[in-house]
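Trainee: Got a structure here, written out as structure tokens. Questions coming.
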Amino acid sequence: MRILVMEEDAAVASVLSKKLAEHGYQFDMTENVEDGKYYLDIRNYDLVLLSWNGSDTAPISMIQEIKNHSHKTSIIILSERKDKETEIKALKSGADDFIRKPLDYDILFVRIEAKLRFGASNIIEIEELIINPEEEKIIYKGNEIELKGKPFEVLTHLAMHKDQIVSKEQLLDAIWEEPELVTPNVIEVAINQIRQRMDKPLDITTIETVRRRGYRFCFPKKIS
């Protein structure tokens with residue numbers, strides 16, 4: 001499960017970082033909406049924690065943008081505002097929950113767990129191919145395919161961006177925790193494993209190489 005935090009308060013952001021790590025969540029932390037947009041362009045998130053003081057309209061636009069991009073992503077608003085109108089506005093704009101500051105972190109993490117547990121499924125179904133990111137499972141025509149680890153994550157990320165060209169740099173940034181410490185050829189290795197373990201045995205093509213630009217999920221496409 002991956003979480004994006006947009007929190008302008010440095011003290012709150014520091015505590016959230018520590019507690020998210022303690023709970024074992026993968027997460028990215030930004031201090032403003034503009035930086036948040038960058039992460040949303042390159043990664044898929046199960047949940048977004050979005051700070052909003054009630055006067056700036058950018059977070060409201062961000063809520064709508066997130067939901068338009070991925071309606072399955074849950075959004076929890078963290079706000080210092082105590083008035084009912086701010087909460088109503090946030091929820092009507094598409095937020096899934098509204099929590100007031102100062103934060104009770106025990107309550108916050110119970111709500112995070114609830115949203116992740118009961119949120120919409122991220123299962124990808126295309127014809128007879130099913131990719132289940134939550135269980136790291138692939139099923140094709142009723143048969144489970146053995147593909148785990150980074151190759152599975154690469155396949156899933158590309159499938160979530162079906163028909164879009166995704167560069168090696170974007171894949172590294174989206175999937176590897178410390179992309180600057182690995183070389184781009186790890187993407188080639190992952191793509192090759194997908195083709196060897198999945199495409200060739202099943203006589204299908206899931207990923208095509210777009211020269212000098214990256215990769216694109218193209219299933220269904222039969223090998224000629």
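The values are calculated or read from the model by the stated rules, or taken from the named source; none is laboratory data. All values reported here derive from a predicted model rather than from experimental measurement. Counting neighbours? That spans all protein chains shown, and the Cβs are built from the backbone with ideal geometry, glycine included.
Trainee: Scan the stretch 138-148 and give yes if some residue there is among the aromatic types (Phe, Trp, Tyr) and out of contact with any Leu (no Cβ under 7 Å at 6 or more places or on another chain), otherwise no. Working first, answer last.
Mentor: Quick first cut of the stretch 138-148, residues among the aromatic types (Phe, Trp, Tyr) only: 140.
Filter once more, keeping what is out of contact with any Leu (no Cβ under 7 Å at 6 or more places or on another chain): none.
There is no residue in the stretch 138-148 that is among the aromatic types (Phe, Trp, Tyr) and out of contact with any Leu (no Cβ under 7 Å at 6 or more places or on another chain).
Trainee: For the stretch 17-34, check the following and say yes or no: at least one residue is among the aliphatic types (A, V, I, L, M) and in contact (Cβ under 8 Å) with a residue 40 or more places away in the chain.
Mentor: no
Trainee: Related question: Does the stretch 102-116 contain any residue that is surrounded by 17 or more Cβ atoms within 10 Å (Cβ to Cβ), among the aliphatic types (A, V, I, L, M), touching a Pro at 6+ places or on another chain (Cβ under 9 Å) and more than 22 Å from ASN132 (Cα to Cα)?
Mentor: Within the stretch 102-116 (the criterion being surrounded by 17 or more Cβ atoms within 10 Å (Cβ to Cβ), among the aliphatic types (A, V, I, L, M), touching a Pro at 6+ places or on another chain (Cβ under 9 Å) and more than 22 Å from ASN132 (Cα to Cα)), the answer is no, since none of the residues qualifies.
Trainee: Restricting attention to the stretch 37-59, which residues are farther than 26 Å from LYS19 by Cβ and either of a type in the set (Val, Ile, Thr) or in a helix (DSSP H, G or I) (or both)?
Mentor: Result: ASP41, THR57.
Trainee: I want to confirm something. Restricting to the stretch 153-172 and keeping residues that are acidic (Asp, Glu) and surrounded by fewer than 17 Cβ atoms within 10 Å (Cβ to Cβ), which single residue is modelled with the lowest pLDDT?
Mentor: ASP163
Trainee: If ASP46 satisfies every condition in (1) touching a helix residue (DSSP H, G or I) at 6+ places or on another chain (Cβ under 9 Å); (2) on the phi > 0 side of the Ramachandran plot but one, which is the exception?
Mentor: (2)
Trainee: Turning to a different aspect of this structure: Residue under question is PHE98, and the condition is that it be outside any helix (DSSP H, G or I) and more than 30 Å from LYS168 (Cβ to Cβ); does it hold? Can you show your working first?
Mentor: Details: outside any helix (DSSP H, G or I): yes; more than 30 Å from LYS168 (Cβ to Cβ): yes.
Considered against the rule, which asks whether it is outside any helix (DSSP H, G or I) and more than 30 Å from LYS168 (Cβ to Cβ), PHE98 comes out as yes.
Trainee: Cβ-Cβ distance below 8 Å, separation of 6 or more or different chains: which pairs start in the stretch 40-54 with a residue that is more than 19 Å from ASP97 (Cβ to Cβ) and end on one that is modelled with pLDDT under 90 and charged (D, E, K, R)?
Mentor: Between residues of the stretch 40-54 that are more than 19 Å from ASP97 (Cβ to Cβ) and residues that are modelled with pLDDT under 90 and charged (D, E, K, R), the close pairs are ILE42/ASP173; ARG43/ARG2; ARG43/ASP173; ASN44/ARG2.
Trainee: To continue, here is another question. For the stretch 28-52, give me the residue count where each residue is aromatic (Phe, Trp, Tyr) and surrounded by fewer than 18 Cβ atoms within 10 Å (Cβ to Cβ).
Mentor: Summing the residues that are aromatic (Phe, Trp, Tyr) and surrounded by fewer than 18 Cβ atoms within 10 Å (Cβ to Cβ) in the stretch 28-52 gives 1.
Trainee: Examine the stretch 138-147 for a residue that is at pLDDT 90 or above, among the polar types (S, T, N, Q), outside the structural domain of ILE42 (by TED's automatic domain parsing) and out of contact with any Cys (no Cβ under 6 Å at 6 or more places or on another chain), and state whether such a residue exists.
Mentor: Yes, that holds for at least one residue.
Trainee: Oh, and also: Quick one: in the stretch 7-16, of everything that is over 16 Å from ILE107 (Cα atoms) and surrounded by 14 or more Cβ atoms within 10 Å (Cβ to Cβ), which residue is farthest from the chain's Cα centre (by Cα)?
Mentor: Within the stretch 7-16, the match that is farthest from the chain's Cα centre (by Cα) is ASP9.
Trainee: A follow-up question, please. I'm trying to understand the selection: among the residues of the stretch 80-113, which are among the hydroxyl-bearing types (Ser, Thr, Tyr) and either under 21 Å from the mean Cα position of the chain (by Cα) or more than 22 Å from ALA21 (Cα to Cα) (or both)?
Mentor: Of everything in the stretch 80-113, those that are among the hydroxyl-bearing types (Ser, Thr, Tyr) and either under 21 Å from the mean Cα position of the chain (by Cα) or more than 22 Å from ALA21 (Cα to Cα) (or both) turn out to be THR86, SER93.
Trainee: Among the residues of the stretch 179-195 satisfying the criterion of being among the polar types (S, T, N, Q) and closer than 15 Å to GLY149 by Cα, which is surrounded by the fewest Cβ atoms within 10 Å (Cβ to Cβ)?
Mentor: ASN192
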